[in-house]
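The values are calculated or read from the model by the stated rules, or taken from the named source; none is laboratory data. It should be emphasised that the depicted structure is a prediction, and the values quoted were computed from it without experimental measurement. Using ideal geometry, Cβ is built from the backbone for each residue, glycine included, and neighbour counts are taken over all protein chains shown. Protein only, heavy atoms only, side chains kept; ligands, DNA and RNA dropped before computing areas. Shrake-Rupley method; radii C 1.70, N 1.55, O 1.52, S 1.80 Å.
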Amino acid sequence: VSLEPIIWKGEYLSLIDQRILPNEEIYRGITSLEEGHAAIKDMIVRGAPCIGFTAIFTLALAVKNSKEFSLEIFKKDCEYLNTARPTAVNLGFEISKCFDYVSGLLKENQSQVDIYNKLVELGQKELELSHERNLAMANLAMEELKTKSSGPYKVITHCNTGYLACGSLGTALGVISHLHSNKLIDHVYADETRPYMQGSRLTSYELYKENIPHEIIVDGASSLVMKQNKIDAVYVGADRIAANGDTANKIGTSNLAIVAKHFNVPFYVVAPLSSFDNKIETGKDIEIELRPQEEITKYKEHQIAHKDVSAFNPSFDVTDNELITGIIFEFGLLKPPFTQSIKEAYEKSNN
Ligand code: MRU
């Protein structure tokens, strides 16, 4: 593993501070509900799966620290943690899993210490399972790409969906890393991913550590890159996939999908079942996080726009389902019409 973003240290959670990567690799200790909430909100930890895993360990710490532990108090803790960031479904998904688990354990009269230990075990198990799931998705994506041409391939990706986002192989970046292990990568173009620079700071760092040939491009360069090169595929992750396949992901993903459609480049979303939200019918109902305008008008402390101008900073966008060639999840490749294929995927996974 090149970079481990989440490490359970026995008594507390250790998170690599993703705000200062790649210049410094510094871990921050998380010992309470409040610190876990702040770590997600301030993006010490980010990426939908890692946000979800952090939530499980944070709730374990909340149980441990609770003076008068009860289901009502735990419910309040869950509700509070769920306010940390709105768009990634993984946060709410893992929180409600923990809530159901804890209410079951309380019915069995399990002690506070046992519940704490069980939540820690759950967090560790989910992290381990995520590697298997990501590898399954990477294999499926590779087989699909091989049906189109024999490679080695040129691909584009957006944001960061690797170890740093998933605590394991990664989703879209996991596919790229797997293709590279199979000697099938010619070149990767990594969108820098304005304004938070997950692409240039994090994805490129992961690719560099794995010796994968790549270049960073500005988000607006994808059209030129697709025009000048034969790009074989675009791979992106997801923060929430609606029942009709509309997909929320990092701002700029939808632009990339529109460009890919124009140049006839296959556009794949790679995301585990935990990123699907069948309670939401279409992308219109997905809440989009708005982040501080200073992320655009400043770079760190340095002012890069006039101090009196304002900026609009939505952190995610929704890619319309008709722009998506396929959604790869751990049990298969979903093809349009997505309303149908996603429904069948749920049915299969429940059996
Ligand atoms: O704001 P971030 O960095 O948490 O956004 C991350 C993304 O948009 C990722 O593409 C998504 O969470 C998928 S991670 C496998």
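For the stretch 152-165, name all the residues that are surrounded by 24 or more Cβ atoms within 10 Å (Cβ to Cβ) and either free of Cβ contacts under 8 Å to residues at least 12 places away in the same chain or in a loop (DSSP other than H, G, I, E, B) (or both).
Answer for the stretch 152-165, where residues must be surrounded by 24 or more Cβ atoms within 10 Å (Cβ to Cβ) and either free of Cβ contacts under 8 Å to residues at least 12 places away in the same chain or in a loop (DSSP other than H, G, I, E, B) (or both): H158, C159, N160, T161, G162.
Checking T203 against (1) under 30 Å from I304 (Cβ atoms); (2) in contact with a helix residue (DSSP H, G or I) (Cβ under 8 Å, 6 or more places away or on another chain); (3) open to solvent by 10 Å² or more (accessible area, probe 1.4 Å); (4) polar (S, T, N, Q), which test does it fail?
(3)
Select from the stretch 217-274 the residues that are farther than 15 Å from Q198 by Cβ and among the acidic types (D, E) and write down the one among them that is nearest to the ligand (Cβ to nearest atom).
Taking the candidates together, the pick is D246.
Show the residue pairs meeting these rules: Cβ distance below 7 Å; 6+ apart or different chains; first residue within the stretch 92-113 and under 24 Å from G47 (Cα atoms); second residue open to solvent by 40 Å² or more (accessible area, probe 1.4 Å) and in a helix (DSSP H, G or I).
Short answer, once both residue conditions are applied: F99/K75.
Out of S168, S149, S103, which single residue is open to solvent by less than 30 Å² (accessible area, probe 1.4 Å), small (G, A, S) and modelled with pLDDT under 95?
S168
Which residue pairs have Cβ atoms closer than 9 Å, lie 6 or more positions apart in sequence or on different chains, and pair a first residue in the stretch 247-268 that is of a type in the set (V, I, T) with a second residue that is open to solvent by less than 10 Å² (accessible area, probe 1.4 Å) and modelled with pLDDT under 95?
Note: pairs meeting the criteria are T247/S275.
What are the residues in the stretch 21-80 that are in a strand (DSSP E or B) and open to solvent by less than 30 Å² (accessible area, probe 1.4 Å), if any?
Residue satisfying the conditions is I30 alone.
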